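Just below is one structure, and these are the notes that go with it.
The values are calculated or read from the model by the stated rules, or taken from the named source; none is laboratory data. Just so we're clear, the structure is a prediction, and the values are computed from it rather than from any experiment. Neighbour counts run over all protein chains shown; Cβ positions are idealised from the backbone, glycine included. Protein only, heavy atoms only, side chains kept; ligands, DNA and RNA dropped before computing areas. Shrake-Rupley method; radii C 1.70, N 1.55, O 1.52, S 1.80 Å.
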Amino acid sequence: MGIALTPEQVALADSVRQFAAHRAETSQTRKEFAELAVGRRPGVWDALRKQGYLGIHLPEAVGGDGGGVVELAVLLEEAGRALLPGPLLTTVLTSLAVSRYAPAALAATMLPRFVEGATAGCATTSAGVRARRVEGGWQVSGTSAPVLGACGGDFLLLGAESPERTVWFVVPADGLGVARAEGVDLTRDVGTVTLRRLVVPDDDVLPVDGDRLRCLMAVLFAAEAVGVAGWCQQAGLDYVKVREQFGRPVGSFQAIKHKCARLFSQVQLMTAAAWDAAGAVDQNDDQAAYAAAAAAVSCLSGAADLGLETVTLFGGIGYTWEHDAHLYWRRAMSLAGQLGPTHEWEERLGQLAATVTRTPHFDLGVEPEGLRPWLADELGRVTAAPASDRRTMLADAGLVAPHYPKPYGLGADAVAQVIVQQEFRRVGLPQPSMTIGEWVLPTILAHGTDAQRERFARPSLVGEIVWCQLFSEPGAGSDLASLRTRAERTEDGWLLTGQKVWTSSAQEADWAICLARTDPDVPKHKGISYFLVDMRSAGVDVRPLREANGGYLFNEVFLDNVFVPADLMVGQPGEGWRLARTTLGNERVSIGSGMGGPRDVPARLARQLDVTGPAVTRDVGALTAQLNAFDALVRRNLLRQLSGLHPGAEASILKVVSAQLTADVRRAALGWAGPAGGVVGAGEGGPAQALLSVPPTLIGGGTAEIQLNVIAEQVLGLPRG
């Protein structure tokens, strides 16, 4: 799943991928290493021009295609995936900067040249070059840091430091002192540029803040890094599917499966971060800077790390010169080095997160006519009512669970659900939750009888019924189908006997959904049935379990000949496993994308603890980058649904990512607290209490290890062990 989301973007990605497969095989690139190193154009360059890729982001008035930054990011991602040689990245980066920031006369002169095939080198820092104001321009002197594309560029985008500001300018490369360096990326040239009192006219200077230009660089570098990482992840996956050891594919070994699943998850997060950053370029400066810094943190060093992981996944063969893995690793290292170090981006993002909240633009397309005005009226009426009446009013309006079919909800599709959420936030009214009922009612509505729907739906929606879930047992947690609780038929119902454990809120629940074995003589998945149990029934014994944090969320529940009337079985005998999958599916989606998702905002926690300093700021930036990527992943998944597509692979990793992110944030907060972290504070208990409360998030809905197996086997197609 790449950056492309819309049909047009997907078509573009497919086009570039097919082009690269036919015109830029790595075997041909290897033959050009010597020429590429000195700045000669790769053999594929003219074909890139003819395809219109060099001007995909430039205005139609200068011969371009008029595309946006997201389309350019799609192009660069596929260029990274194919390891396209030459100065494509630095050329389109320079032309994008000229089109957005250069004086009109300079843009009108230069942009057609880029469409026609001119190349550019681009510095990513002004280090080493000084600027002094002179009449009509700037005098620049010094030797630059290594510049990608410097040896073969027709133009160079360079920066210089002056006492007033950083000066960025574009000049022809002819006559400049360029010294070739040996680049880590064998597919591109790199060199230093020495300037001796060169006078740059004001007309050649880009009137742009250096931070803003660096953010634009981060967006495009991140996009290419995602393509590099995507190739690495897929190449390693393909290899472990066929490489055999001990008589079976190494991909069947759990350690390898988990590694592949984690690498896949990492690439999905990187992709989401790069997509978010590309889409934020046209937002205000703070939003663009926030998203760009988050992408730099997530993607640049992440791609280099993934390159190393891929080399080791291949084993010894991956470390040979003849294998392509090191070429991708080299490019990732080059990208990270040009824009690094990572801690500077973390610190920048940490500073932004202290004052800026990421508010991405969310295009819903065509909205249902009249929905927003109706919601405004309904929510206004609810807000004006006494608090004790609001839940019932929302249930009557179908707004407790708007995605449920009428009369229980609105039958809201994905677009309508987003609008409902936005309107709740606009009026400052929390959306009500049925907690575990959120997972229960979809099963009853889909598979229950009319009498069951009538009995349980509305009371649950208005909050009269609190639910718990009697699924897990001491010997049947992740392997739920091994449960031993039995149900024996009586004349008018069933008698349930067994022990359940890890039952959240059982001590408060009115009703429970319960899985019990009704037929012990068939395979374990087939003999299970699904019951609705009154928690006040005779024989139900709830024993709270005190947790490490001192609380009592979990419980043991003992069932001793608990009578369940026949009309409280959902579905038919033996259908329980199929019905449970509906429940568990809703549980995992809820945990990953909403109710159980990461809520601890790192910057807010730092303020609450009143901690400051560079180390804290960097920690906040690193964690904020993860949180931003997660949020972008959720939005991408939703946008797929808005487009009528099935949720992509993003949906499979939300649970794993959200749980780990929650743990990472709380672990960091404990470290920030210092000695105070060893004290249980008042109120919510402080950072130690928060970290002690993490295990339910890591375990609930299936442990991370189980989820990684699901990703490896069901998404990536690796064999079972």
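If you check V178, V208, V240, which single one turns out to be within 25 Å of T29 (Cβ to Cβ), of a type outside the set (S, T, Y) and touching a strand residue (DSSP E or B) at 6+ places or on another chain (Cβ under 7 Å)?
When all the criteria are applied, what remains is V178.
If we keep just the residues of region 577-626 that are surrounded by 19 or more Cβ atoms within 10 Å (Cβ to Cβ) and basic (K, R), which is modelled with the highest pLDDT?
Result: R618.
Please enumerate the residues belonging to region 507-552 that are surrounded by fewer than 18 Cβ atoms within 10 Å (Cβ to Cβ) and either at positive phi or in contact with a Ser or Thr (Cβ under 7 Å, 6 or more places away or on another chain) (or both).
Once the filter is applied, which keeps residues that are surrounded by fewer than 18 Cβ atoms within 10 Å (Cβ to Cβ) and either at positive phi or in contact with a Ser or Thr (Cβ under 7 Å, 6 or more places away or on another chain) (or both), region 507-552 yields K524, G539, G550.
Taking region 559-576 only, how many residues are open to solvent by less than 50 Å² (accessible area, probe 1.4 Å) and farther than 26 Å from P523 by Cβ?
The total comes to 1.
Being among the β-branched types (V, I, T) and under 17 Å from V70 (Cα atoms) is the filter; apply it to region 271-330 and report the residue that is most open to solvent (accessible area, probe 1.4 Å).
V281
Would it be correct to say that V193 is open to solvent by less than 10 Å² (accessible area, probe 1.4 Å) and not in a helix (DSSP H, G or I)?
When the stated conditions are applied, V193 passes them.
Run down R372, R358 and say which single residue is open to solvent by less than 70 Å² (accessible area, probe 1.4 Å) and in contact with a Phe, Trp or Tyr (Cβ under 6 Å, 6 or more places away or on another chain).
Criteria check complete, one pass: R358.
Could you pull out the residue among A451, A416 that is part of a helix (DSSP H, G or I) and either exposed (fewer than 15 other Cβ atoms within 10 Å of the Cβ) or of a type in the set (S, T, Y) (or both)?
A451
Test of understanding: among S15, S27, which residue is open to solvent by 30 Å² or more (accessible area, probe 1.4 Å), small (G, A, S) and farther than 27 Å from A296 by Cα?
S27
Just give me the residues in region 30-46 being surrounded by 15 or more Cβ atoms within 10 Å (Cβ to Cβ) and of a type outside the set (V, I, T), in sequence order.
R30, E32, E35, L36, A37, G39, R40, R41, P42, G43, W45
Taking T312 and the conditions (1) over 20 Å from A4 (Cα atoms); (2) touching a helix residue (DSSP H, G or I) at 6+ places or on another chain (Cβ under 6 Å), which numbered condition does it fall short on, given that it satisfies the others?
(2)
Output the strands (runs of 3 or more DSSP E) that fall wholly within region 33-143 and possess 3 or more residues being over 26 Å from A292 (Cβ atoms) and of a type in the set (K, R), or say none.
129-134
Are any residues in region 391-408 more than 16 Å from L445 (Cα to Cα) and open to solvent by 70 Å² or more (accessible area, probe 1.4 Å), and if so, which ones?
The answer is D396, and nothing else.
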